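Working notes, beginning with the structure itself.
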């Protein structure tokens, strides 16, 4: 985290899948499970879906924004259960098939309308 002593080191683990709409953030002090919204999807602007862009090195950037419902939360995050996450994501699939992700998550205790 910027300003921290361990910049560039992950503060937790993210578990996700391209086939399962549920993902989990395993963080110090607890975990947050979320489900990706299935609609609406606006392909042209990358809303609830990815828009691909070549990285010009054999890989592709997958960019988009996503709405997620917080379906469970434990530990210090339990107050977020029933809340919402607005994720802005840039997932880089490298030419060798591996992934590198950069995303911002705005997690709140209110539900998305």
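Values in this text are rule-based calculations from the coordinates and carry no lab data. Because the structure is a prediction, the values reported are computed rather than measured. Counting neighbours? That spans all protein chains shown, and the Cβs are built from the backbone with ideal geometry, glycine included.
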Identified option (computed Cα extents along the principal axes in Å; candidates (i) 46, 29, 25; (ii) 42, 31, 22; (iii) 43, 39, 25): (iii)
Extension gain, residue 13 back to residue 89 (0.36 nm per residue minus Cα-Cα distance, nm): 25.8 nm
Which order, highest average first, do 58-67, 98-107 follow once you tally other Cβ atoms within 10 Å for each residue and take the mean per peptide? 58-67, 98-107
Neighbour-count order for 57, 86, fewest beta carbons within 10 angstrom listed first: 57, 86
Just grab the label-to-label distance for residue 53 and residue 72, each label 7 Å out from Cα along the Cβ direction, in nm (one decimal). 3.6
Subtract the Cα-Cα distance of residue 61 and residue 104 from 0.36 nm times their separation in residues, and report this length gain in nm to one decimal. 13.9 nm
